[in-house]
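Undergrad: Can you keep this structure in mind? I'll have questions shortly.
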Amino acid sequence: MVFRGRFSRNLDQKGRLTLPPELRAAFPADDAAGPDASGSSSCAFVLTTYDGCLVAFSWKDWTELEEKFMRIPNPSPRVRAFRRLVIGGAERHVPDAQGRILLSPDHRAYAALEKEATILGLVDRFEIWNPAALRASMAPENLEGVTEELAASGIDFSL
């Protein structure tokens, strides 16, 4: 499973977003997450709130993350707040036959999604952004020193 690319999409009047075929195809066929509302088993993913956008995880990766959170004994107030944001903001999604997902009003409000959205594939997950917020997050001042930080992590990204 690898999510790659940047895609511009519009939300319809009902708040539905069509996922690009490239991203839908990246979900493993065996990532079944139990029966959906109709009772049939299908691929599902989790969409949650974080960093001013919506973040999508495969069902398998999400359940592993939940298990890790469950193992934290007596978490600090900061971890509890983070858990409320991320775990509490989680919603299960299964694209319909046209590849659309219905974004909840809470998710649309959190990510300031009205008409336009930018979807970014980030290898093991993808994000859904308000285009203006995404541009602001990638402003040059936010990227200063990143090549040095990557190099310290063992990634040489000198161009």
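Undergrad: Note down the relative contact order for the range 1-152 as a percent, whole number, built from C-alpha pairs under 8 angstrom at least six residues apart.
TA: 35 percent
Undergrad: Let me make sure I get this right: for the range 51-110, a, b and c are the square roots of the gyration tensor eigenvalues over alpha carbons, sorted descending. Under 1.5 in a/c it's rounded, otherwise prolate if a/b > b/c, else oblate. Which is it?
TA: It is oblate, given that a/c is not under 1.5 and a/b is not larger than b/c.
Undergrad: In addition: Under the rule of -39500 (n - 2.57) per DSSP H run of 4 or more residues, summed and divided by the residues of the chain, what mean residue ellipticity at 222 nm is obtained, to the nearest 500 deg cm²/dmol?
TA: -8500 deg cm²/dmol
Undergrad: In the chain, carbon and sulfur make up what percent of the accessible area (probe 1.4 Å)?
TA: Roughly 54 percent of what the probe reaches on the chain is carbon or sulfur.
Undergrad: So if we plug the beta-carbon distance of residue 69 and residue 94 into 1/(1 + (r/R0)^6) with R0 = 22 Å, what FRET efficiency do we get, rounded to 0.05?
TA: On the way: r = 23 Å, r/R0 = 1.05.
After rounding, the FRET efficiency stands at 0.40.
Undergrad: In the range 68-159, what GluC sites (Glu not before Pro) fall in a loop by DSSP, with at most 16 other Cβ atoms inside 10 Å?
TA: Hits after loop and neighbour filter: 114, 144.
Undergrad: So with the 1.4 Å probe, I'd like the accessible area per residue for the chain, rounded to whole Å².
TA: 62 Å²
Undergrad: Sticking with this structure for a sec: Between residue 25 and residue 4, what length in nm is gained on full extension when 0.36 nm per residue of separation is reduced by their alpha carbon distance?
TA: Values: separation 21, 0.36 × 21 = 7.56 nm, distance 1.11 nm.
That works out to 6.5 nm of additional length.
Undergrad: For residue 157 and residue 50, what does the FRET efficiency come to when R0 = 30 Å and r is the distance between their Cβ atoms, rounded to the nearest 0.05?
TA: For R0 = 30 Å, the calculated efficiency reads 0.80.
Undergrad: Tell me the Rg and the Dmax, in Å, that the Cα atoms of the chain produce.
TA: Just the Cα atoms of the chain yield Rg and Dmax of 16.9, 51 Å.
Undergrad: Using the Kirkwood radius over Cα pairs, work out the Stokes-Einstein diffusion coefficient for the range 92-148 at 10 °C and 1.306 mPa s, in µm²/s as a whole number.
TA: In µm²/s, the coefficient is 119.
The values are calculated or read from the model by the stated rules, or taken from the named source; none is laboratory data. Since the model is a prediction, treat every value here as computed from it, not as a measurement. Positions of Cβ are generated from backbone atoms using ideal geometry, with glycine treated the same way; all protein chains shown enter the neighbour counts. For accessibility, only protein heavy atoms count, side chains too; no ligands or nucleic acids. Shrake-Rupley method; radii C 1.70, N 1.55, O 1.52, S 1.80 Å.
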